[in-house]
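To start, the structure itself, in structure tokens.
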Amino acid sequence: MSNLTDLTLKAALDGLASKQFTSVELTQAHLTAMESARALNAYIAETPEKALQMAAASDVRRASGDAGPLDGAPLGIKDLFCTEGVGTTAGSKMLANFKPTYESTVTSQLWRDGAVMLGKLNLDEFAMGSSNESSASGPVINPWRAIGSDRKLTPGGSSGGSAAAVAAGLCLGATATDTGGSIRQPAAFTGTVGIKPTYGRCSRWGIVAFASSLDQAGPITRTVEDAALMLGSMAGHDPKDSTSLDLPVPDFSAFVGKSVKGLRIGVPKEYRVDGMPVEIEALWTQGTAWLKAAGCEVVEISLPNTKYALPAYYIVAPAEASSNLARYDGMRFGLRAAGSNLTETYENTRAQGFGDEVKRRILIGTYVLSHGYYDAYYIKALKVRRRISDDFDSAWTQCDAILTPTAPSAAFALGENASDPVAMYLNDVFTVTVNLAGLPGLSLPAGLSSEGLPLGLQLIGKPLDEGTLFSLASVMEKAADVSQRPQSWWRASS
Amino acid sequence: MAIDVATVRKVARLSRIAEPEEVLPALAEQLNGIMQWIEQLAEVDTDGVEPLTSVVNQGLPLREDVVTEGGDASRVLANAPKSVGGFFVVPKVVE
């Protein structure tokens, strides 16, 4: 009973089903862990009363034989998902007092299936960032530390709170979102599993918008099986999102543990970037060896436009963001700052409400969409996006899935990349292509660096082929056997 | 195509973000750094390539033009910075 926060989501659901403990006990154990882990700053808001209420209701449902697929499982919710009656800040001063009167589709499906909400998780402001340092609530601290060091490391971003909470046992799983790598990079930095499904799998309705043609929700969990379970509840068609795919949700769990014999795994030569640490290169090779041992065939492939993905992204995403964030004008919701006339009210509201990175992206977006630059930048970037997508289409004639590193380094120190926006952007060099092409991508922990920090590998799939990713990832998870958890230093310090 | 202080001032105005005069030079330098890095896109041959605006291979769905959820002004106004009698209150627009 003392280790309820160490259970996987699957084991916890089994324990609930076999009456080893109640959801109230399981939830209380997590609330206690959260209280003693405030040093990590993973949660922007803890919702203990709501959690215990939902847990008690779950116990009643279970007693009457009425339990859903996630019934009684306590989860953390990235503070980008609107939750009815519970503040939703998007990590921004702009929404510091915003209390949605509606529930996002993804979270409503989790509650439909019985899950319990523990609280709202920290993130980069409006999900813009790769280190969680742009949050108005301050950075999240990675539960992992390098061996023999107490330097504070980033959990990655933008879903840094989600990844840190899952790694530290502050929830059984967490929702996250990914526009350029915001699920997969934090998962890699914290030794957790994260999947960004095919664009359109999860409804975007009720998720605070960043770049609508790229944003997708997905889970961060401690195991591949848990990710499959959670995605099964999060995905599904929603008429309220016009880009939501009207397709049945496969039984993702059924793919976990399935044979991968005969699958062809592509290794893109363009992902061998300059300056990549030797140990990441070695881990990548190790990953291919695990898949070969399981009967896969490994083939070298070419994705020739890879190096142009990030610059194209930094036109497309800010352009969409500048348009999406135009809604924050201080009139209908969010912050309103005083001004001597209407325009000044707008300008002061946005100057005070947005942080530096968000402002920077709005300015870039406005610039590339402005008169005289629209064709040169925005249309050009969309054409490059097509070429990147075409690269994948031709790769699929040679392989069934692609294996790459998730990030070009292990977790870096807070503050290390803060002064150079482009250096920060390079974190997403391996993940961003997947968003531009709308493909599913999964990051799983594959080993530890020489400093004892988690390193991740990424599997990229064909559109709608999350199932194959779960099969491959479960084979690799077994082979990697990364069972180490971060040492709970944060408890001692509190 | 360097971004100068005048361009930043103009773009900030278009973005409706008050940027004090003294931060403009530093901001111009930052945005230039980013845009210079982006310039490498010019190397990609995109002649005859169609811009990719959506990765969803389905047409936009249509629905009946009827009210689905509505009729509850209090929910719409719940987060308004200022409201009176079922209306948003905004600063004076016409002098």
**Request:** Can you give me the number of residues within segment A:91-133 that are among the hydroxyl-bearing types (Ser, Thr, Tyr), more than 16 Å from the chain's Cα centre (by Cα) and in a loop (DSSP other than H, G, I, E, B)?
**Result:** 4
**Message:** Yes or no: segment A:76-85 includes at least one residue that is farther than 17 Å from A:ALA174 by Cβ and out of contact with any Lys or Arg (no Cβ under 7 Å at 6 or more places or on another chain).
**Reply:** yes
**Request:** Give the residue, chosen from B:VAL11, B:VAL56, B:VAL66, that is modelled with pLDDT under 95 and facing another protein chain (nearest Cβ under 7 Å).
**Result:** B:VAL56
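Table: residues versus (1) touching a helix residue (DSSP H, G or I) at 6+ places or on another chain (Cβ under 7 Å); (2) closer than 19 Å to A:GLY194 by Cβ; (3) surrounded by 24 or more Cβ atoms within 10 Å (Cβ to Cβ); (4) not small (Gly, Ala, Ser).
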| site | (1), (2), (3), (4) |
| --- | --- |
| A:ILE379 | no, no, no, yes |
| A:CYS399 | no, no, no, yes |
| A:ALA411 | yes, yes, yes, no |
| A:GLU416 | no, no, no, yes |
| A:LEU439 | yes, yes, yes, yes |
**Message:** Within segment B:20-33, does at least one residue satisfy the condition of being at the interface with chain A (Cβ under 9 Å from one of its Cβ atoms), farther than 30 Å from A:THR433 by Cβ and either out of contact with any Gly (no Cβ under 9 Å at 6 or more places or on another chain) or surrounded by 12 or more Cβ atoms within 10 Å (Cβ to Cβ) (or both)?
**Reply:** yes
**Prompt:** If you scan segment A:159-176, which residues turn out to be in a loop (DSSP other than H, G, I, E, B) and of a type outside the set (Gly, Ala, Ser)?
**Reply:** A:LEU170, A:CYS171, A:LEU172
**Message:** Checking the conditions here, which among A:LEU118, A:LEU153 is touching a residue at least 60 places away in the same chain (Cβ under 8 Å), touching a His at 6+ places or on another chain (Cβ under 9 Å) and within 30 Å of A:LEU453 (Cβ to Cβ)?
**Reply:** A:LEU118
**Prompt:** In segment A:70-90, what residues are in contact with a helix residue (DSSP H, G or I) (Cβ under 7 Å, 6 or more places away or on another chain), in a loop (DSSP other than H, G, I, E, B) and within 14 Å of another protein chain (Cβ to nearest Cβ)?
**Reply:** A:THR88, A:THR89, A:ALA90
**Lone unmet requirement of (1) more than 7 Å from every other protein chain (Cβ to nearest Cβ); (2) crowded, with 20+ Cβ neighbours inside 10 Å; (3) without any contact (Cβ under 8 Å) to a residue 24 or more places away in the chain; (4) not small (Gly, Ala, Ser) for A:ASN348** = (1)
**Message:** I'd like the full set of residues that are outside any loop (DSSP other than H, G, I, E, B) and under 10 Å from A:MET94 (Cβ atoms), limited to segment A:328-353.
**Reply:** A:THR349, A:ARG350, A:GLN352, A:GLY353
**Asked** Got a number for residues in segment A:351-387 being more than 9 Å from chain B (Cβ to nearest Cβ) and among the basic types (Lys, Arg)?
**Response** 1
**Prompt:** Within segment A:204-223, can you find the residues that are under 26 Å from A:TYR378 (Cα atoms) and in a loop (DSSP other than H, G, I, E, B)?
**Reply:** A:ARG204, A:TRP205, A:VAL208, A:ALA209, A:PHE210, A:ALA211, A:SER212, A:SER213, A:LEU214, A:ASP215
**Prompt:** Does B:ASP72 satisfy being loosely packed, with under 14 Cβ neighbours inside 10 Å and either more than 10 Å from chain A (Cβ to nearest Cβ) or within 26 Å of A:ALA437 (Cα to Cα) (or both)?
**Reply:** no
**Request:** Identify all residues within segment A:244-268 that are part of a loop (DSSP other than H, G, I, E, B) and surrounded by fewer than 20 Cβ atoms within 10 Å (Cβ to Cβ); write none if there are none.
**Result:** A:ASP246, A:LEU247, A:PRO248, A:VAL249, A:PRO250, A:ASP251, A:GLY257, A:LYS258, A:SER259, A:LYS261, A:GLY262, A:LEU263
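The values are calculated or read from the model by the stated rules, or taken from the named source; none is laboratory data. All of these numbers come straight from a predicted model, not from anything done at the bench. Counting neighbours? That spans all protein chains shown, and the Cβs are built from the backbone with ideal geometry, glycine included.
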